[in-house]
Structures are given as structure tokens and as C-alpha cells.
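Before any comments, here is the structure.
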Amino acid sequence: MSRIRIKVSDISSLTDARYCAGMGVQYLSICFDDSGNTRLDPTAFHAIRAWIEGVEWMGEFSGNNAAVLRDMANAWQLTTWIIKHPELRTVPELDDLQFISSATEADCENRDSESLEIEIGSEEKKDTVLVKAASGSGQLRILKNPASASEIVQLHQQFPELIFNLNSGEEERPGWMDLSHLQDILEELEENGFYLL
């Protein structure tokens, strides 16, 4: 039996955050667009955070404006950020933050020293990318959106240090989240003894 590390992105309600924490998910993240907008506001987030224990929170920022990121980090009190623009790492005003770079197969080269979030786009390149992803002592390696529980198990056996990123559910109406896809994967892992609290 082996513990698999899971991250769930785009948390937007207490419902999905509590479900994930109850299933033993280790990392939860809030997604922000280029302008710093998201489905939550800081007040709602802090209320959710107060209910949830035992998880590490992250922000995901797709923009490249350092001032926007600084304001978000202050308002949301998040110190770990997944970013698409690695130049944000060198901004002095952000030197108290920890960064994970979002990378594709094409730009994985020369990233051994960085923590990476990698999105796999093709089966043909998977082995090469994951070998690259699994290298680098002490760095977080996050694989985005694996297709199924069986794929997670297979890749975990090859690369036990990888963190697997799953998406939260969609809010189909106010206050009601469809977590069915996320539930299917987490519960199948748990049933097979690979994902234990």
C-alpha cells in the first residue's frame, strides 16, 4: 500500500474543500485569471480556510503583473503560487513568496532547479516528460489532470514523488457542486488501498 499525493485545483466553496480534506487531499488551490479575479472573494476564502485543517493552500495565477500578484498574496494570505510567467520569480517585491512554474512538454528542458506543474498533452511524450518531472531533489513536481485512477496508480509506481493535480467540481447552481468526477477518482484510489487517510 502506498500513499499518493493529490492536489485539487479551483476550489470555490466549502463543499468541495471539506470533501477534499476529508478524503485526505494534501494540497488545495484557488485559481486566478490574468486580472486576479476568481470565483471566491477573500472573505469567503478565509471563512472556508477556518473550517479546513491539514491541507496546504496555494494560489494559481495566469497573469504576469507583479503588482496584482502582490495584492492577491496579501489579501488571500497565500505564500505558495503556481505561475505561468517565471519572470515573476525575480521581482524583489515578491521574494517572500514560493513559486511553482507551470510548464508544458516543450519548455521542460532546463527546468531541473524549479518546482514544476506539468500538463501532459500527448501519450508519445509522456515518459520523457515524467522522467524530467521526477528529477530534481527537493522540488515539487505536479502532474496536471491525469485521466483516471488507474493512470495515477501506474504513474505513482514509476514516480512516487509526483503530486497529481485534479480539478474540483463545477458549480451547477449556487451552493451545489458536481464533484462526481473527482469523487470517482479519489474513491477508486481509496478502495484499492493506494490512497489512505
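List of remarks:
- Here L78 meets each of (1) buried (at least 18 other Cβ atoms within 10 Å of the Cβ); (2) out of contact with any strand residue (DSSP E or B) (no Cβ under 8 Å at 6 or more places or on another chain); (3) not aromatic (F, W, Y) with one exception, condition (2).
- Which listed residue, of E114, E123, E105, E151, is acidic (D, E), at negative phi, surrounded by 15 or more Cβ atoms within 10 Å (Cβ to Cβ) and at pLDDT below 70: E105
- Screening the stretch 27-51 for residues that are in contact (Cβ under 8 Å) with a residue 40 or more places away in the chain and among the aromatic types (F, W, Y) and picking the one that is farthest from F164 (Cα to Cα) gives F32.
- Looking across the stretch 135-148 at every residue that is at pLDDT 65 or above and among the small types (G, A, S), the one that is surrounded by the fewest Cβ atoms within 10 Å (Cβ to Cβ) is identified as G138.
- Some residue of the stretch 72-82 being modelled with pLDDT under 90 and in contact with a Pro (Cβ under 7 Å, 6 or more places away or on another chain): no
- Residue in the stretch 1-11 that is surrounded by fewer than 13 Cβ atoms within 10 Å (Cβ to Cβ), touching a Gly at 6+ places or on another chain (Cβ under 6 Å) and within 27 Å of Q158 (Cα to Cα) present: yes
- Among the residues making up the stretch 24-60, those that are within 22 Å of R5 (Cα to Cα) and among the aromatic types (F, W, Y) are Y27, W51, W57.
- Residues of the stretch 154-169 classified as assigned to a helix (DSSP H, G or I) and either buried (at least 19 other Cβ atoms within 10 Å of the Cβ) or at pLDDT 85 or above (or both), total: 4
- Hits in the stretch 170-197 - residues which are of a type in the set (D, E, K, R) and at pLDDT below 85: E170, E171, E172, R173, D178, E190, E191
- Lone qualifier among Y19, Y27 - being under 24 Å from V153 (Cβ atoms) and touching a Lys or Arg at 6+ places or on another chain (Cβ under 7 Å): Y27
The values are calculated or read from the model by the stated rules, or taken from the named source; none is laboratory data. All values reported here derive from a predicted model rather than from experimental measurement. Cβ: placed from backbone, ideal geometry, glycine included. Neighbour counts: every protein chain shown.
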